[in-house]
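Down below is the structure, laid out as C-alpha cells.
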Amino acid sequence: VPAAVAPAAVAPAAVAPAPIAAESASVGDPQALAPATLETLSVVLPCAFEGEYAAKTVRSLQEHTKRHRLKEVIVVDDGSTPPLKLDLPEQSLRGSSWAPVRLLRHSTTRGLIAAKKTGGDAAIGDVVVFFDCHVKPRDGWEEAFLRQMKRAGDHRTVVVPTITSLDPDTWQENSMAAASKACYMTWNGDFTWLANPGRDVPLMSGGLLAISRRWWQETEGYDSQMVAWGGENIDQSFRIWLCGGRIEVAEGAYVAHMWRDPGNPKTQLKYPMPTEAVMRNKARAVSAWMQEFKAKPLSFPEYEDIVSGQRPLGDMSAFDRLREKLQCAPFSHYIQRFDYVYVDTGLIPPEVFQLREASTGLCLERSPRQRQPHGVTLAPCAGAGSQPGEASGGVPELQLWHGNNRDSSKPGKACCSGLNNWNFLQCLESGAVGARVETFECEISGMSATQFLSLEDGGDYEGQVVWQRGVGCLAPVAQEPDRKSAEESNCLKSFSEGEEAFSLRSPTDFCLTIISGNEEQTYNSEFRECAEGELGQRFMKLDVEHGVQVKASLDESVCLDAAGGGAPLLYPCYDAASGNPNQLWESRGSILVWDGITNGKFQTSCLVEKHGSLGFQKMSGSVPVLRSCSPKVGQRLQRADIQESSDRQTFLLQDADSGKCLASGAPAEGAGPPP
C-alpha cells in the first residue's frame, strides 16, 4: 500500500486532514497477493450524501467490534456535496480503543460499485468487509464472520450476516422486523429474498458481506465496466460459486440495516439512479456467466435495447480471461448445485399451461396492478389453442401457469404446492373460503399456507384447483353481463380534476362533498352540485400495498374508510404501512371498489349515493374466489323442482354439470347401462 494511504486515525471534524484522493488508493503491485490468513478486518463503507449516518455507522462499528480484529474503517465519500465530514468524538479518536479511520473521496459521484472497488482495493486487513453506510452490528459479529470463513479450511469462503432492520431515528435495531439472509436470482436477471436458506447462499444481496483480501484479488473484485449500482451482486455471486469459492451465512452475526422507506424522506436516496445503467449491469452479469442460459433473462423486454445493439454491452474480454485463469465451471454446475432452488421449487418447470374453467370456457388470467397483490380474472382463452383439442400457441404470459413452490408433503420436499404465473414469480393465493383469489410473490420454500393451490390430476377433486388440500377450491362467481352493467351504473365515478386530484360523482351528476363536523375536527359528507375548484370535492389516491388509500384534499389526514362494509365514512388515515383493510380500495376503471369479509362472507362493494348520503352497493363478483370443494364431475348432484305437500317433500336430483336428472327404472332392451 502506498505510504500516502497508510492508515491513520481521523482527527476531530474541526481539524480533519484533507481527504485522500481515491485514485491514489490502489493495491500497488497486482501480482503481490495478500496472505491467506483470516485474522483482521478492514471495513469499507461506501457513502454518498449519507450525512450523519456515516458517523453513526463508524461509531457503531467501533463500539461493537473487538479492537484487535478491526484493522481499519475505510469511508469512501462518493462525491457528496458538501464533502462528507465525520463528526466523531475527540476523546475516542485520541485514545487507543478505536481502530484507524480513513476517509477516501471521489471528486464526483461515481456510484456504489466504484466506491466499493475503491475501498476494497485500498484495504490492508486480511478480510475486506463491505457494509452499507447506514448499519449497526450486534456484538460478536466479527468473530462469527471469521469463524465461518475458516470453516472450510481455505480463504475462498465469502460470508453474509443475518440482516435486521435499523430505526433511523433512534439508531436502534427493530427487533420486531423480519430478518433476511440470502437471495436467489429470478429469470429476468433480478433477485429476491430466499426464505430458510440454510448455510449456503445462492446469491448475495450485495450490500453486506465479507471476503478475504486474497480472494478479492484473485477474483478481481468488481467488473470495472459496471457503473452506478445494481448487478454487481449477481456477478460477484456467480464468479465466487463458479470459480472455486462458496458463500455462506455467518451464524451468530447480526447487522441492523436502514431500509429505504418511501414514506420516510430521511431514508431516501439523495442521488439519481439511472435505470439504463442498472439494466446494462445485469445484462453484463448474466452474459458473462450464464452461457446458454442467458437467453432466458435476455428475452425479457427490459433488455431489448441491449440485445438489439442499440445500447452496447461493452467489452467482455475480462470475464473470458478470468474464467480461463480460475478454470471456472459452466453455469449448469450452478443450477445443479442449487437444484433445490430452481428445480424442486418449479422455477425451471417441465411444462406451462392454461387453466380453462369448464362451465364458462374462459381461462384464468392474471390482472396486473401497480403493486402486488395482483388480481385474477376469467377471460377469453387466447392463442391458437383457444378451443379444446387445438394445438396451443401464441398464448400471452398472463394466461400461462405452472406448478411452483416446494411441497413438504412430498419426499425431499419436491415441487409443487402452488401455481405460478409464468415469467412473473406471482403465485395464486387466498386467505379463506369465500375470499378472493389473487397473486403475490411466490414463497418458493412452500412455507406460505395461503399459496397452497394446486391443480389436481386425480382423486375426488380431479381437474379442480384445490386450496390447502381440499379446504377450498377455485370457482368462478357467476355474473350476467347486463346485471354487471346495471350495478356499475349506480356506482360513483371518479373524474379527474387535474394534478392527480379527482372527484366522485353520482349518476345524477352530484359530487361527494366533505363538510366540517363537530368541534373535534371530524368530518361528514353529503352530495352537492359539482363545482369547479371546490376543495371539499377533491380526493387523492396514495398507492399502498394491496391497493390505494383515498385521502381528502381538504385535509390529507382524513381518508375514505369502509367501516367493515357497513356505512362508509371519513376517518383519520391509518399509517399506510399498517395495511388496514378498511382503507384499502381498488380502482376498476373509474369506479372505486372495496373488497372485504362482512358478516363472515366475502363482499365486493362500490360507493353509491343513498338518499343523499354515502353508502355501499354490493356487486356481483367477476373474478375467481374460493368455494367449498365439490366431488369430481358427474358427482355434483343438487336438488331441483322441489315440491311440498302436507306429508312429504319431493325433488329432482339434477347433475350440476350436464343438467340431466337422475332416473330410476330398468333400461330399455338393448339400451345398455343407464347414463
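Cβ-Cβ distances below 6 Å connect the following pairs, each with a first residue in segment 49-65 that is over 13 Å from Asp132 (Cα atoms), a second residue that is crowded, with 21+ Cβ neighbours inside 10 Å, and a separation of six or more residues or different chains: Gln62/Trp98; His64/Pro137; Thr65/Glu142.
Of all residues in segment 441-464, which are of a type in the set (A, V, I, L, M) and open to solvent by 10 Å² or more (accessible area, probe 1.4 Å)?
Met447, Ala449, Leu455
Scanning segment 237-273 for residues being among the basic types (Lys, Arg) and modelled with pLDDT of 95 or more gives a total of 2. Cβ-Cβ distances below 6 Å connect the following pairs, each with a first residue in segment 308-323 that is within 14 Å of Ser224 (Cα to Cα), a second residue that is of a type outside the set (Gly, Ala, Ser) and not in a loop (DSSP other than H, G, I, E, B), and a separation of six or more residues or different chains: Leu313/Ile306. For segment 104-136, the set of residues classified as within 30 Å of Asp169 (Cβ to Cβ), open to solvent by less than 30 Å² (accessible area, probe 1.4 Å) and part of a strand (DSSP E or B) consists of Leu104, His106, Val129, Phe130, Val135, listed by residue number. Summed over segment 537-557, residues that are surrounded by fewer than 20 Cβ atoms within 10 Å (Cβ to Cβ) and within 9 Å of Ile514 (Cβ to Cβ) total 2. Looking only at segment 521-551, residues that are in a strand (DSSP E or B) and either under 22 Å from Asp509 (Cβ atoms) or in contact with a strand residue (DSSP E or B) (Cβ under 6 Å, 6 or more places away or on another chain) (or both) come to 16 in all.
Condition check ((1) closer than 23 Å to Ile240 by Cα; (2) open to solvent by less than 70 Å² (accessible area, probe 1.4 Å); (3) not in a helix (DSSP H, G or I)) across all residues:
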{"position": "Ile306", "(1), (2), (3)": "no, yes, no"}
{"position": "Asp315", "(1), (2), (3)": "yes, no, yes"}
{"position": "Ala329", "(1), (2), (3)": "yes, yes, yes"}
{"position": "Ile348", "(1), (2), (3)": "yes, yes, yes"}
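In segment 143-153 there is no residue that is of a type in the set (Asp, Glu) and modelled with pLDDT under 95. Number of residues in segment 567-580 that are assigned to a strand (DSSP E or B) and either in contact with a helix residue (DSSP H, G or I) (Cβ under 7 Å, 6 or more places away or on another chain) or open to solvent by less than 70 Å² (accessible area, probe 1.4 Å) (or both) equals 2. Collect the residues in segment 301-312 that are under 15 Å from Asn281 (Cα atoms) and under 27 Å from the mean Cα position of the chain (by Cα), keeping them in residue-number order. Correct list: Glu302, Tyr303, Glu304, Asp305, Ile306, Val307.
Among what's in segment 206-225 and is of a type outside the set (Gly, Ala, Ser) and open to solvent by 10 Å² or more (accessible area, probe 1.4 Å), pick the residue that is nearest to Arg110 (Cα to Cα).
Step by step, filter segment 206-225, then rank; the result is Gln225.
For every residue, the table says whether it meets (1) in contact with a strand residue (DSSP E or B) (Cβ under 7 Å, 6 or more places away or on another chain); (2) among the hydroxyl-bearing types (Ser, Thr, Tyr).
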residue: Ala123; (1), (2): yes, no
residue: Val128; (1), (2): yes, no
residue: Pro137; (1), (2): yes, no
residue: Trp141; (1), (2): yes, no
residue: Arg147; (1), (2): no, no
residue: Arg156; (1), (2): yes, no
residue: Val160; (1), (2): yes, no
residue: Thr164; (1), (2): yes, yes
residue: Ser175; (1), (2): no, yes
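Test Val278 against the criterion of being modelled with pLDDT under 95, under 30 Å from Glu441 (Cα atoms), open to solvent by less than 30 Å² (accessible area, probe 1.4 Å) and part of a helix (DSSP H, G or I), and give yes or no. Spelling it out, Val278 is indeed modelled with pLDDT under 95, under 30 Å from Glu441 (Cα atoms), open to solvent by less than 30 Å² (accessible area, probe 1.4 Å) and part of a helix (DSSP H, G or I). Return the pair list, or none, for Cβ contacts closer than 8 Å from residues in segment 388-410 that are farther than 12 Å from Cys363 by Cα to residues that are at pLDDT below 85 and open to solvent by 50 Å² or more (accessible area, probe 1.4 Å), at least 6 apart or on different chains. Qualifying pairs under 8 Å: Glu390/Ala384; Ala391/Ala384; Ser392/Ala384; Gly393/Ala384; Gly394/Ala384. For Glu50, are the conditions met, namely being at pLDDT 95 or above and within 26 Å of Asp139 (Cβ to Cβ)? So Glu50 does not fit the description; no.
Against the numbered list (1) modelled with pLDDT of 90 or more; (2) of a type outside the set (Lys, Arg); (3) in a helix (DSSP H, G or I), Gly564 comes up short only at (1).
Each residue in segment 525-560 was checked for being within 32 Å of the chain's Cα centre (by Cα), of a type in the set (Gly, Ala, Ser) and modelled with pLDDT under 90, and 1 of them qualify. The condition of being at pLDDT 95 or above, buried (at least 23 other Cβ atoms within 10 Å of the Cβ) and acidic (Asp, Glu) holds for only one of Glu438, Glu429, that being Glu429.
The values are calculated or read from the model by the stated rules, or taken from the named source; none is laboratory data. These numbers were taken from a predicted model, which means no experiment stands behind them. In this analysis, Cβ positions are derived from the backbone assuming ideal geometry, glycine residues included, and neighbour counts consider all displayed protein chains. Note: areas computed on protein heavy atoms with side chains; ligands, DNA, RNA excluded. Shrake-Rupley method; radii C 1.70, N 1.55, O 1.52, S 1.80 Å.
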